[in-house]
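Novice: Sharing a structure below in structure tokens format, with a few things to ask.
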Amino acid sequence: MDLSRKDLILKYIVEYFIRTASPVGSHTLIEEYQLPYSSATIRNEMAELERNGMIEKTHTSSGRIPSTKGYKYYISYLRERDLDSEIKNQLALVLNEKSKSIEDVIKESCEVLSHMTNLASVVLGPNADEERLISVQCIPLAKNSATAVFVTDKGYVENKTFIFPSDVNIVDVQNCVKMLNDRLVGTSISALVPKMEVIKPIITQYVKDNDIIYRAFAEMLLKFTENRVSMFGTDNLFDQPEFSDNTSAIKRMMKLLESPEVMKNYNNKGTTSQVFIGDDNDNDDLKNVSVVTSNINVNGQKRGTIALVGPTRMDYDKVLSALEYVVGELNKFFNDERKEDEDGRE
């Protein structure tokens, strides 16, 4: 990579701070990277970088650290896109098993990402405003028990097994399910719960003097609406110097990251990876956090977003390279599986 002196110095400042969590001075740069420049020359370049908002001074040291603007410049122009070969081996073990569900493949891939990057990984489901209910089913299990199943157009499935009183007829329950299909299919996930409230009187007409059916379906729909976030490797965050001595701060951060309302702001709407660094986050408890996201596509549709979460000091080169590789392989895997299914039906 042929870089100008200023870009080279910025690259080394970012990479040294990522590795050590310590501010960087001119003498450190010379010693660490054997730079062929005088200390005065490096200080002049650092002063220019600071004027341009690429680095900033800390309150506790004369050294400099990267700013949000500096990180973004590094990501766009200075990183080497270096991929650890071990992640290829780990992911291959996940993808070689063809009998796994889509959910299990994504879950295990996220666990690989967390392990290889030492960060937390998050799966964000599709936007609840864009995802729609396509089917409600009821499968009788015994005389007074059944499993209800909801399916969306994005392939998400939610099920709940419930027991109803002996005086409730399974035929009434099935008629209730038919009515739910008539009234709810095509409704966006975000609108299901309020719509259930509207049709509650009609449901109780099907199953007189008993609201257990309504409650069972309402609970499932509520899970559908709220269960948009799955997290893996959260213990890794406690090992980061920024968070290790402030457990209350990390608990607040974790609570925010588990909130669908907060995480939907990171739902990637583009076709490439996106990076949210520190000041990009609206909430003060996330000012020291970076979130890197990329989309998963299944059967030609967006299945959701995988995000890696860590300190603003995260190794963006390693993290982006790992995430882009995993998401690329997942998208190929799911599309190849789909093509094989289509070829087999011809």
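Novice: Summing Lys, Arg as +1 and Asp, Glu as -1, what charge do residues with Cβ under 10 Å from the Cβ of Leu8 carry, Leu8 excluded?
Specialist: 0
Novice: Strictly over 19 Å apart at the Cα level, which of Lys107/Lys154; Lys88/Lys318; Lys251/Lys318; Lys160/Lys264 would you flag in this model? Kindly include the intermediate steps, with their values, before the conclusion.
Specialist: Values: Lys107/Lys154 17 Å; Lys88/Lys318 13 Å; Lys251/Lys318 26 Å; Lys160/Lys264 25 Å.
Beyond 19 Å between Cα atoms: Lys251/Lys318; Lys160/Lys264.
Novice: Just read off the accessible area of Tyr12 with the full protein assembly in place, 1.4 Å probe, to the nearest 10 Å².
Specialist: Rounded to the nearest 10, the figure is 50 Å².
Novice: Using all C-alpha to C-alpha distances in segment 10-100, build P(r) with 10 Å bins and read off the rounded percent in each one.
Specialist: Histogramming segment 10-100 at 10 Å steps yields 15, 39, 22, 12, 9, 3, 0 percent.
Novice: Counting other Cβ atoms within 10 Å, which trypsin sites (Lys or Arg not before Pro) in segment 114-211 have at most 13 and lie in a DSSP loop?
Specialist: Filter output for segment 114-211: Lys143, Lys208.
Novice: Check which residues have an amide H placed less than 5 Å from Glu130's amide H, if you skip close sequence neighbours.
Specialist: none
Novice: Given the rule -39500 (n - 2.57) for each run of at least 4 DSSP H residues, summed and divided by the residues of the chain, what is its mean residue ellipticity at 222 nm, to the nearest 500 deg cm²/dmol?
Specialist: -15000 deg cm²/dmol
Novice: Quick one: compute the contact order of the chain, relative version, from alpha carbon pairs under 8 angstrom and 6+ residues apart, as a percent.
Specialist: 18
Novice: Enter the accessible area of Leu330 (Å², nearest 10), with the probe set to 1.4 Å and all protein chains included.
Specialist: Spelled out: Leu330, probe radius 1.4 Å, area about 0 Å².
Novice: Excluding same-chain residues fewer than 8 positions from Lys287, which aspartates and glutamates have a Cα within less than 16 Å of its Cα?
Specialist: Correct list for Lys287: Glu56, Glu242, Asp279.
Novice: Using only C-alpha positions, report the orientation-averaged shadow area of the convex hull of segment 61-176, nm², one decimal.
Specialist: On the way: hull surface 55.6 nm².
Computed as one quarter of the Cα hull surface, the answer is 13.9 nm².
Novice: Report the Cα centroid-to-centroid distance between segment 273-321 and segment 178-204 in angstrom, as an integer.
Specialist: Rounded to whole Å, the Cα centres lie 35 Å apart.
Novice: Any idea what angle helix 5-20 forms with the longest principal axis of the chain, computed on alpha-carbon atoms, 0 to 90 degrees, nearest 10?
Specialist: Rounded to the nearest ten degrees, it is 60.
Novice: OK, next. Return the Cα extents of the chain along principal axes one, two and three, sorted largest first, each rounded to a whole Å.
Specialist: 88, 49, 28
Novice: Let me ask you something else. Once ligands and nucleic acids are excluded and a 1.4 Å probe is used, how much of Thr247 is accessible, expressed in Å² to the nearest 10?
Specialist: About 80 Å², rounded to the nearest 10.
Novice: Tell me the angle of helix 170-184 to the major Cα principal axis of the chain, expressed in degrees between 0 and 90 and rounded to the nearest ten.
Specialist: 50
Novice: Along the Cα→Cβ direction, 7 angstrom out, place labels at Ser85 and Thr147. What is the inter-label distance in nm?
Specialist: The answer from the label model is 4.4 nm.
Novice: Now for a separate question. Cα axis of helix 102-117 to longest principal axis of the chain: angle in degrees, 0 to 90, nearest 10?
Specialist: 20
Novice: Another question, if that's okay. Just need the relative contact order of segment 229-329 here, percent rounded to a whole number, with Cα pairs under 8 Å and 6+ apart.
Specialist: Contact order relative to length: 20 percent.
Novice: Next up: Quick one: order Ser101, Ser109 from most to least accessible surface, probe 1.4 Å.
Specialist: Ser101, Ser109
Novice: In what sequence, largest accessible area first, do Ile42, Ile202 appear using a 1.4 Å probe?
Specialist: Ile202, Ile42
Novice: On a 1.4 Å probe surface of the protein chains, which of Arg51, Arg43, Arg64 comes out largest in accessible area, and what is the full order?
Specialist: Arg51, Arg43, Arg64
Novice: Please report the relative contact order for segment 136-193, taking Cα pairs under 8 Å with a sequence separation of at least 6, and give it as a percent rounded to a whole number.
Specialist: Answer for segment 136-193 is 30 percent.
Novice: For a quick check of your reading of the filter: which GluC sites (Glu not before Pro) in segment 1-88 sit in a DSSP loop and have no more than 12 other Cβ atoms within 10 Å?
Specialist: Filter output for segment 1-88: Glu80.
The values are calculated or read from the model by the stated rules, or taken from the named source; none is laboratory data. Since this is a predicted model, take the numbers as computed values, not measurements. Cβ sites come from the backbone with ideal geometry, for glycine too, and all protein chains shown count toward neighbours. Each accessible area value is taken on the protein alone, full model and side chains, heavy atoms only, with ligands, DNA and RNA left out. Shrake-Rupley method; radii C 1.70, N 1.55, O 1.52, S 1.80 Å.
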